[in-house]
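All remarks here apply to the structure that follows.
The values are calculated or read from the model by the stated rules, or taken from the named source; none is laboratory data. These numbers were taken from a predicted model, which means no experiment stands behind them. Note that we place each Cβ from the backbone using ideal geometry, even for glycine, and neighbour counts take in every protein chain shown. For accessibility, only protein heavy atoms count, side chains too; no ligands or nucleic acids. Shrake-Rupley method; radii C 1.70, N 1.55, O 1.52, S 1.80 Å.
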Amino acid sequence: MMLFGSEINLQPVWLTLEVATYTMVILMLIGTPLAWKMAKMDSSTKVLLEALVALPLVLPPTVLGFYLLIVMNPNGPITEFLRLFGFEGQLTFSKTGLVIGSVFYSLPFAVQPLMHAFESIPSRLLDAAATLRANALDRFFTIVVPLSQRGFLVAATLTFAHTVGEFGVVLMVGGNIPGETRMVSIDIFDHVESLEYTQAHILSALMLMFSFLVLLLVYSLNRRFGVKVG
């Protein structure tokens, strides 16, 4: 595709958006119960779990990617576990591996906003619903979810945006296979290595605008509705 007079391959962009979408959906599904459990934990246990969930925030992406590469190799525990359910494919250097790596790497960006949103809900509302014989599932979907909708929006937005900007983890787990695992951050790196600065400028500018708009949305929500970002 021609952009600003330069030929740009948009396949890495579409792959990045696809992986980010899958990651966001998966993390909303597994991050919600985890965040709810953490919000209701006592302080001593909660601190340990919070530290484990937040590890990707401080751990070098290549370190996380290295260990994911080990556990997802053809003889690794994750692959062996999936084979019990009939999985015959390969996790490393594949789109599936990119999604799994992204889920681990973006976990705190889903769990932390949700946990803060859940903690802000007055317990008296849940207690009142319980006295009216509403079970735990009813209380969650009729009280917790509506009152935490801004937290869900922030968590989904940050998760999606963080996945779009990944480099180290996706390079370690997915490699750099054109048309299969080359995401946009890796594509920019390749253009720079090849001295194709025009293409690198265009893709970098698109990433910059996207990142700014995401942050603008998140902080607007934080300012208007008091949703904690992290």
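What about Thr62, is it surrounded by fewer than 17 Cβ atoms within 10 Å (Cβ to Cβ) and in contact (Cβ under 8 Å) with a residue 12 or more places away in the chain?
Criteria met by Thr62.
Restricting to the range 143-185, name every residue that is open to solvent by less than 50 Å² (accessible area, probe 1.4 Å), in contact with an Asp or Glu (Cβ under 8 Å, 6 or more places away or on another chain) and either under 23 Å from Glu119 (Cβ atoms) or in a loop (DSSP other than H, G, I, E, B) (or both).
Residue satisfying the conditions is Met183 alone.
What do you reckon, is Glu88 acidic (Asp, Glu) and assigned to a loop (DSSP other than H, G, I, E, B)?
yes
List the number of the failed condition for Leu52; all other conditions in (1) loosely packed, with under 14 Cβ neighbours inside 10 Å; (2) under 29 Å from Leu206 (Cα atoms) hold.
(2)
With the range 1-84 as the region, which helices (runs of 4 or more DSSP H) entirely inside it contain at least 2 residues that are more than 18 Å from Tyr105 (Cβ to Cβ) and of a type in the set (Gly, Ala, Ser)?
43-58
Listed residues Ser211, Ser220; which is among the polar types (S, T, N, Q), assigned to a helix (DSSP H, G or I), out of contact with any helix residue (DSSP H, G or I) (no Cβ under 9 Å at 6 or more places or on another chain) and surrounded by fewer than 15 Cβ atoms within 10 Å (Cβ to Cβ)?
Ser220
Based on this model, can you work out whether Glu193 counts as out of contact with any His (no Cβ under 8 Å at 6 or more places or on another chain), open to solvent by 60 Å² or more (accessible area, probe 1.4 Å) and acidic (Asp, Glu)?
yes
Count, please, the residues in the range 30-49 that happen to be within 16 Å of the chain's Cα centre (by Cα), open to solvent by 60 Å² or more (accessible area, probe 1.4 Å) and aliphatic (A, V, I, L, M).
Residues flagged as within 16 Å of the chain's Cα centre (by Cα), open to solvent by 60 Å² or more (accessible area, probe 1.4 Å) and aliphatic (A, V, I, L, M) within the range 30-49 amount to 1.
With open to solvent by less than 40 Å² (accessible area, probe 1.4 Å) and either among the charged types (D, E, K, R) or more than 26 Å from Met207 (Cα to Cα) (or both) as the only criterion, which of Ile70, Ile121, Ile78 stands out?
Within the list Ile70, Ile121, Ile78, the selection yields Ile121.
Checking the structure you have, find out if any residue of the range 17-29 is without any contact (Cβ under 8 Å) to a residue 60 or more places away in the chain and open to solvent by less than 60 Å² (accessible area, probe 1.4 Å).
Taking every residue of the range 17-29 in turn, none turns out to be without any contact (Cβ under 8 Å) to a residue 60 or more places away in the chain and open to solvent by less than 60 Å² (accessible area, probe 1.4 Å).
Any chance the range 100-117 includes a residue that's at pLDDT below 90, surrounded by 15 or more Cβ atoms within 10 Å (Cβ to Cβ) and part of a helix (DSSP H, G or I)?
There is no residue in the range 100-117 that is at pLDDT below 90, surrounded by 15 or more Cβ atoms within 10 Å (Cβ to Cβ) and part of a helix (DSSP H, G or I).
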